[in-house]
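These notes are about the structure you will find just below.
The values are calculated or read from the model by the stated rules, or taken from the named source; none is laboratory data. These numbers were taken from a predicted model, which means no experiment stands behind them. Glycine also receives a Cβ, built like all others from the backbone with ideal geometry; neighbour counts cover every protein chain displayed. All accessible areas refer to the heavy atoms of the entire protein, side chains included, with ligands and DNA or RNA removed. Shrake-Rupley method; radii C 1.70, N 1.55, O 1.52, S 1.80 Å.
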Amino acid sequence: MEWLDDLVSENELRAVRSRRAKSFITEKISKSQLQHYLDQNWSIEKEDKKSYRMKKAKSIDEQFEDLVWVTFADLGFKQMNKDRNFKLRYSSEHSLTQQIDVFAADDETMILVECKAATEKIKKGNFKTDIEAIGGKKQGILKELKKMFPGKKYKVKFIFATQNYLLSEQDLNRMQEFDIAYFDEEVIKYYSDLANHLGQSARYQLLGSLFAGQSILGIENRIPAIEGKMGGHTYY
């Protein structure tokens, strides 16, 4: 159960969202550390009497991972992983864990996302090992989640998300075989824009797509209406 401590919700989730929405990281250091940080491509953001606040651009993979994380936060998921070190066990052997880039949960669903990003546009990727690793650990992770939430039936979906990669037909078929959804950067942008326009209600469109044909609370197509009759016809 210790991994539950690595999740954030409510005010803490909003604070983490604010940090992850930025394209850079900051760190406060003593003045004696300045040269070491400058050598590591940090720049000075602010100088105080005894310290510096340093600033550095995030790597491409961290920027994409944070973009995906922020998108799911904006879609209204209530619990998410605190940082990039979030792991889940996939075996009764406690040392066997899988690092999860983005974990997002609401009252009925859990989403687990693996993120891959490249600097160059349309770089052909080969993700056979990554996809098969997820597929091989998937059942173990599902068992662990059920153990952590006894009596609660969550619908769980794994997503493989990429930026600037062109996936092969073989990789797409592997994901279909393991029931892993695939999102490229255009899909992430679509849901990010949708959340900006519709707010948290946009989450139901995401869930409707991921769990097509399955019952999800809040997705029922019900519209309040008043029934009336006129000329032998019923109208609403």
Can you spot a residue in region 44-65 that is charged (D, E, K, R), touching a Cys at 6+ places or on another chain (Cβ under 9 Å) and open to solvent by less than 80 Å² (accessible area, probe 1.4 Å)?
yes
Within region 130-180, how many residues are open to solvent by less than 20 Å² (accessible area, probe 1.4 Å) and assigned to a loop (DSSP other than H, G, I, E, B)?
1
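Pick from K147, K116, K124, K157: which is among the basic types (K, R), closer than 28 Å to V16 by Cα and at pLDDT below 95? First the steps, then the outcome.
Working: K116 fails: at pLDDT below 95; K124 fails: closer than 28 Å to V16 by Cα; K157 fails: at pLDDT below 95.
None of the others qualify; the one that does is K147.
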Set L13, L34: member being more than 22 Å from F103 (Cβ to Cβ) and in a helix (DSSP H, G or I)
L34
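For region 72-100, give me each residue that is touching a residue at least 60 places away in the same chain (Cβ under 8 Å), open to solvent by less than 20 Å² (accessible area, probe 1.4 Å) and at negative phi. Outline the logic, then answer.
Within region 72-100, the subset touching a residue at least 60 places away in the same chain (Cβ under 8 Å) is 73-83, 85-89.
Among the residues that remain, those that are also open to solvent by less than 20 Å² (accessible area, probe 1.4 Å) are: 73, 75-77, 80-81, 86, 88.
Of everything in region 72-100, those that are touching a residue at least 60 places away in the same chain (Cβ under 8 Å), open to solvent by less than 20 Å² (accessible area, probe 1.4 Å) and at negative phi turn out to be A73, L75, F77, M80, N81, F86, L88.
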Qualifying positions in region 170-193 - in contact (Cβ under 8 Å) with a residue 40 or more places away in the chain and of a type in the set (V, I, T)
I180, I188
If the Cβ limit is 6 Å and pairs must be 6+ apart or interchain, which residue in region 158-169 that is within 22 Å of L145 (Cα to Cα) pairs with which residue that is open to solvent by less than 10 Å² (accessible area, probe 1.4 Å) and among the charged types (D, E, K, R)?
none
